[in-house]
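The values are calculated or read from the model by the stated rules, or taken from the named source; none is laboratory data. Only a predicted model underlies this, so the values are computations on that prediction, with no experimental measurement involved. Cβ coordinates were reconstructed from backbone atoms using ideal geometry, including for glycine residues, and neighbour counts include every protein chain displayed.
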Amino acid sequence: MKRLNLCIDIDGTITEPYYWISRVNEYFNTHLEPEDAIHYEIHKILGVNPEAYSQFYKEYGELLHKEAKIRFGAAMAIKDLHSIHRIHFVTAREEKMKQVTLDWLSDHKIPMHSLSLLGSHDKIHKAEELKSDLFIEDRYENAIQLSQAGFEVLLIDCNYNRGALPANVTRVKHWFQIGAIIEQYAQQYDELKVAL
């Protein structure tokens, strides 16, 4: 079986996508529910300016990442995938969040081959550098950018990413489905290689 290079986002992809809501509600005195999260940009959901949300994140970002809840099935699926494939976490988190990110991954016993904290949502260069076979993402705009650059993307379903998808982006519901798709993808690659 081909050993794939799997690039995986963190927030909303291996973490629960709405884990931040209780902290945001407390800070901004709001009453948001997961179904209200129809935009990726949290300041838009709150109806506040980006600077107000940036101040909140400056104060609480590390705590948010520390207490993030893991998506059901993510740890088991990634452990299984790690035994065969290369796992590369590629996140828009800033470098200053490296230690809390490493601690969180360690606490959840999630193995990896590399961690890239980009401080930006532009992940194309890193996907090229890592020779990504499949990129697992939750942000719609990232999925579209990556697909336009020729990458295969698995977009994990969230309230904020429900747009039309190109052929090389597949919407997935959960990590058990992701594991099955990756296994099928690797087998198809092997079958194609044998046919050639």
Worksheet item: Applying the selection to the stretch 40-95, what residues are in contact with an Asp or Glu (Cβ under 7 Å, 6 or more places away or on another chain) and among the polar types (S, T, N, Q)?
Response: Thr91
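Just to verify a result, which residue in the stretch 70-100, among those that are under 12 Å from the mean Cα position of the chain (by Cα) and of a type in the set (Val, Ile, Thr), is surrounded by the fewest Cβ atoms within 10 Å (Cβ to Cβ)? Write out each step before concluding.
Going residue by residue through the stretch 70-100, those that are under 12 Å from the mean Cα position of the chain (by Cα) are 70-71, 74, 88-93.
Next cut, of a type in the set (Val, Ile, Thr) only: 70, 90-91.
Details: Ile70: 18, Val90: 26, Thr91: 23.
Filtering first and then ranking leaves Ile70.
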Worksheet entry | Val90 vs. criteria at pLDDT 95 or above and either outside any helix (DSSP H, G or I) or out of contact with any helix residue (DSSP H, G or I) (no Cβ under 9 Å at 6 or more places or on another chain) (or both) | yes
Worksheet item: Before we move on, is Ala77 among the aliphatic types (A, V, I, L, M), assigned to a helix (DSSP H, G or I), in contact with a strand residue (DSSP E or B) (Cβ under 7 Å, 6 or more places away or on another chain) and within 21 Å of Leu4 (Cβ to Cβ)?
Response: no
